[in-house]
Amino acid sequence: MLLAGIPIIAITGLVSYAAYEPRLPGNETTPERGWLGFYLFDWPTHPAWLYRVTQGVHVVLGLTLVAVLLAKLWSVIPKLFTWPPARSLAEAVERASLLLLVGGVVFEFVTGILNIQLFYVFPFSFYPAHLYGAWIFLAAFAVHVAFKLPKMIRSLRSRRLLDELRTGLDGTRPEPPDPDGLVPPAPEAPTMSRRGLLAFVGGASLITLGLSVGQTMDGPLRRTALLAPHGRAYGSGPNDFQVNKAAAAMSIDPADTGPGWRLELTGPRPTYLSRAQLLAMRLHTYALPIACVEGWSTEQTWTGVRLADLARLAGAAPGTVEVFVESLERGGAFGQASLSTGQVADPRSLLALRVNGADLSLDHGYPARIIVPNAPGVHNTKWVRKLSFHPAAA
Amino acid sequence: MATLSRIHSMRRRMATRYGADPLHLLALIACFALAGYAASRVVAAGIWAGFLVWFVGAAIIHDLLLYPLYTLADITARRRPWRRRRPPGPVPWPPWTNYLRVPTALSGLLLLIWFPLILGLAEGNYHRSTALDTSPYLGRWLLVTGVLFAGSALAYAVRLRRDKTSSGSRIHLRPPRAPRSFPKG
């Protein structure tokens with residue numbers, strides 16, 4: 001399970017790194033990454049649900065595998081007490097790599113799980129720690145798999161799954177002694193069969209999954225997310241969907257969002273637009289998901305002005321320009337974001353003014369917010385005050 | 001040919017001294033090189049001290065904290081220091097350990113994952129983010145815990161009933177369970 005699950009979590013994690021379009025100004029959260037934050041492609045806007053799926057999988061699969069990880073750590077406990085700790089130099093070096101393996105995997109799970117609960121007790125910024133910790137872990141994970149894969153296949157072949165599923169507690173016998181000292185020399189009488197343990201760990205995973213996966217869904221299934229930080233029900237109105245960063249917390253001054261609000265466009269033809277002027281432009285409506293790095297997501301129907309139309313208004317040609325978006329918010333880490341040429345040019349990329357047929361609520365970014373297909377949630381900037389269109393760096 | 005066999009014997013000599021194939025060492029050197037480079041990025045980010053403390057803590061938290069805690073709890077529960085001696089009935093009680101162990105562990109796992117939410121430890125951040133508070137989570141966790149224990153109790157009752165009805169016909173066919181290695185004496 002871990003062998004299949006960890007690469008999926010690692011890949012979806014690195015995909016999320018690419019989804020932030022870190023090359024663009026203001027988007028890099030790990031500026032000292034060196035070679036570790038590489039990416040192979042520009043982040044696409046098609047399909048619109050891609051980030052919703054990859055990041056939902058990253059977080060929910062991680063939660064699901066906590067039980068499996070704990071079972072794994074429990075099963076190798078006897079190794080902790082082997083004496084002497086190493087019989088050869090090779091073993092000593094390998095055990096040192098296990099420190100990176102165990103430290104790395106628990107570090108990644110703990111920081112990820114605390115972060116989605118907004119429990120920022122760690123004395124470092126989440127993004128660099130989670131990224132670099134992942135690479136330390138993956139280095140140790142790769143060699144661990146390379147060394148242990150033949151042994152794992154041998155162990156799995158030594159028992160037939162069907163036979164084990166037919167063996168109850170009365171027929172459960174301890175494992176024969178092994179050369180690695182993983183098997184206890186004098187085990188107590190078993191209290192749980194092997195099939196029982198499988199069901200136990202599998203059931204624990206399913207419960208964690210079942211109580212959190214609803215945060216990635218819409219409709220009645222969302223209510224099943226009893227234990228997930230962002231699977232909450234707000235009500236049944238057009239603006240009653242998950243809020244992330246409430247207006248009050250971002251020090252949004254209601255005076256700034258009132259009739260005096262103007263959207264500033266910069267480019268070859270700088271201009272200012274009121275909300276009424278924006279509403280008088282050609283409006284478009286798309287159902288697009290908003291998907292957060294914390295794993296939750298929801299699809300809503302947004303109405304607004306195309307970013308491409310705003311680019312033209314500012315005298316810039318969509319397809320050749322990026323945009324730097326600035327918010328009224330103060331103090332947040334994501335009060336600004338850059339969108340790529342592809343994101344600006346996509347006809348579904350909107351400066352949204354309305355959602356589900358009603359004006360945006362203040363918590364959802366009134367007077368205007370960005371919504372871009374397949375962009376991470378934090379790049380759908382709320383309370384937009386300024387769009388700076390500039391030619392893409394070559 | 002002579003050089004080939006020299007390389008071959010060198011490789012064997014090294015394998016004996018090192019304790020494994022040289023490829024083993026190469027793979028580990030590559031591992032430490034990548035991990036070391038990642039660590040250098042941690043230093044460049046200026047967060048190495050906190051990172052190191054949390055990393056080492058993560059490496060030992062299961063083995064030196066969680067494992068002793070849940071093992072001790074498990075052993076204590078199985079020895080049942082609160083037990084009252086019952087007169088031996090005609091039917092032995094079916095083993096009950098797992099009917100207590102499984103719901104406790106599942107509820108504990110959910111608490112382990114979601115304790116900041118359940119205990120409201122990040123209330124300020126949570127309210128700033130969602131405009132809601134964390135008050136429902138304690139109740140939800142207790143609800144799930146209650147359902148788990150109720151389900152387990154129900155499963156045990158079914159098991160008890162099944163054992164009782166089947167023991168009426170084949171009480172002598174069931175071999176007595178081997179005595180546990182505890183409690184001693």
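The values are calculated or read from the model by the stated rules, or taken from the named source; none is laboratory data. Keep in mind it's a predicted model, so treat the numbers as computed, not measured. We place every Cβ from the backbone using ideal geometry, glycine too, and count neighbours over all the protein chains shown.
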Find the residue count for the range B:90-123, including only residues that are within 9 Å of another protein chain (Cβ to nearest Cβ) and out of contact with any Pro (no Cβ under 7 Å at 6 or more places or on another chain). 16
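Inspect all residues belonging to the range A:44-60 and state whether any of them is farther than 24 Å from residue A:346 by Cβ, touching a helix residue (DSSP H, G or I) at 6+ places or on another chain (Cβ under 7 Å) and within 14 Å of chain B (Cβ to nearest Cβ).
yes
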Which of (1) in contact with a helix residue (DSSP H, G or I) (Cβ under 7 Å, 6 or more places away or on another chain); (2) surrounded by 15 or more Cβ atoms within 10 Å (Cβ to Cβ); (3) more than 8 Å from chain A (Cβ to nearest Cβ) does residue B:25 not meet, given it meets every other one? (3)
Expected single match for under 28 Å from residue B:140 (Cβ atoms), of a type outside the set (Asp, Glu), without any contact (Cβ under 8 Å) to a residue 40 or more places away in the chain and surrounded by 12 or more Cβ atoms within 10 Å (Cβ to Cβ) among A:233, A:247 is A:233
Determine, yes or no, whether residue A:132 is over 21 Å from residue B:62 (Cβ atoms), surrounded by 16 or more Cβ atoms within 10 Å (Cβ to Cβ) and not β-branched (Val, Ile, Thr). yes
So residue B:49 ticks every box in (1) over 27 Å from the mean Cα position of the chain (by Cα); (2) under 21 Å from residue A:140 (Cβ atoms); (3) modelled with pLDDT of 90 or more but one. Which box is left unticked? (2)
So, in the range B:44-59, how many residues would count as being surrounded by 15 or more Cβ atoms within 10 Å (Cβ to Cβ) and either more than 7 Å from chain A (Cβ to nearest Cβ) or among the polar types (S, T, N, Q) (or both)? 2
Number of the condition not met by residue A:86 [criteria: (1) more than 9 Å from every other protein chain (Cβ to nearest Cβ); (2) of a type in the set (Gly, Ala, Ser); (3) under 25 Å from residue B:16 (Cα atoms)]: (1)
When residues of the range A:253-270 are limited to those that are over 11 Å from residue A:367 (Cα atoms) and not small (Gly, Ala, Ser), the one surrounded by the most Cβ atoms within 10 Å (Cβ to Cβ): A:265
Take the residues in the range A:18-35 that are touching a Ser or Thr at 6+ places or on another chain (Cβ under 8 Å) and in contact (Cβ under 8 Å) with a residue 60 or more places away in the chain; name whichever of them is nearest to the other protein chains (Cβ to nearest Cβ). A:29
